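The structure appears below as structure tokens.
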Amino acid sequence: VNLILLMVAHEITTVQALVGSVRVARDFTGFRDEETGAHLDRMSRFSWLIARGLVRSHGLTDEFVEQVFLFSPLHDIGKIGIPDSVLRKPGPFTAEERKVMESHVHLGVQMVDRLVDDFSLRAVAGVGCLRNLVSGHHEFLDGSGYPAGAKGDDVPLEARIVTVADIFDALTSRRVYKSAWGIDEALDALDKMVAEGKLDKDCVDALRTNKEEAKQIIERFGEEKAI
């Protein structure tokens, strides 16, 4: 009995260490850019909405849904290593700048691996989910994404979820170069990307089904966002 209790206590401790590391990393990304912090709040909730909407059709567990909620804010954690001259550039990137920006995916994976190794967390449930969404959130189902050009089922579900949530937030948020799109307009754009073979239809449908909750998220965590 004591051995079982020790094993349970160890598992709880390692999970707490991972969650704590996630919070520190998330807060650090927020410090670099106030809008990034708001983006992370919306991202985690959009991702949770989508994951929750797929529970029955995909046989997902509550644990998976909570992992997506917890880890989705770290999808762009590699941007910590991108110079401000590129990260904060208001205009279009040069070819070289785009290459630098796209390197944030590899940087993010390296950071996750380092975090997991330093805290001895490889056996903790959810580590695979974290790594998958960091490495795959810029992949498209037709193979046109980066960095691996993964196609179809080679793109993990958690990465598909975060990709849809990320694009949706970008469309419904105001930027220097664009105004915020309305929710229906953004969903129509996502549908177009589904038709082009880039996005997971089930993920977009799940977001559309919960668009009233998405609206509440935008109103709560955004400033003068689209409704």
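The values are calculated or read from the model by the stated rules, or taken from the named source; none is laboratory data. Here the structure is a predicted model, which is why all the values come from computation and not from measurement. Neighbour counts run over all protein chains shown; Cβ positions are idealised from the backbone, glycine included. Keep in mind that these areas ignore ligands, DNA and RNA; they rest on the heavy atoms of the full protein, side chains included. Shrake-Rupley method; radii C 1.70, N 1.55, O 1.52, S 1.80 Å.
Using 0.36 nm per residue and subtracting the Cα-Cα separation, the extra length available between H106 and D188 on full extension is 26.4 nm. Pairs K99/K201; K151/K198; K151/K201: which exceed 20 Å Cα-Cα? K99/K201, as the Cα separations exceed 20 Å there. What you get for the range 87-227, charging only the Cβ of Lys and Arg (+1) and of Asp and Glu (-1), is a dipole of about 400 debye around the Cα centre. 3J(HN,Hα) along the range 138-152, derived from phi through the Karplus expression 6.51 cos²θ - 1.76 cosθ + 1.60 where θ = phi - 60°, amounts to 10, 8, 10, 5, 8, x, 8, x, 9, x, 8, x, 5, 10, x Hz, with x in place of Gly and Pro. Taking the 1.4 Å solvent-accessible surface of the range 123-180 as the whole, the part contributed by carbon and sulfur is 52%. For the range 162-215, GluC sites (Glu not before Pro) meeting the loop criterion (DSSP other than H, G, I, E, B) and having at most 15 other Cβ atoms within 10 Å: E196.
For L199, nonlocal amide neighbours, meaning residues 5 or more places apart or on other chains whose placed amide H falls under 5 Å from its own, are L141, V194. For chymotrypsin sites (Phe, Trp or Tyr not before Pro), the sites in the range 130-202 that DSSP calls loop and that have at most 13 other Cβ atoms within 10 Å are Y177. Per residue, the range 33-152 exposes 48 Å² of solvent-accessible protein surface, assessed with a 1.4 angstrom probe and all protein chains in place. Global size of the range 83-169: 14.3, 43 Å for Rg and Dmax (C-alpha atoms, Rg to one decimal, Dmax whole). Looking at G145, A165, G78, which one has the Cα that reaches farthest to the positive end of the dipole of the range 44-167 (charges on Cβ: Lys, Arg +1; Asp, Glu -1)? Farthest along the dipole direction, towards plus: A165. Considering only S103, L133, G91, and ranking their Cα positions along the charge dipole of the range 35-160 that arises from unit charges at the beta-carbon of Lys, Arg, Asp and Glu, the one farthest toward the positive end is G91. Taking R0 as 25 Å, what FRET efficiency do you get between K178 and D154 from their Cβ-Cβ distance, rounded to the nearest 0.05? That pair, K178 with D154, gives E of 0.20.
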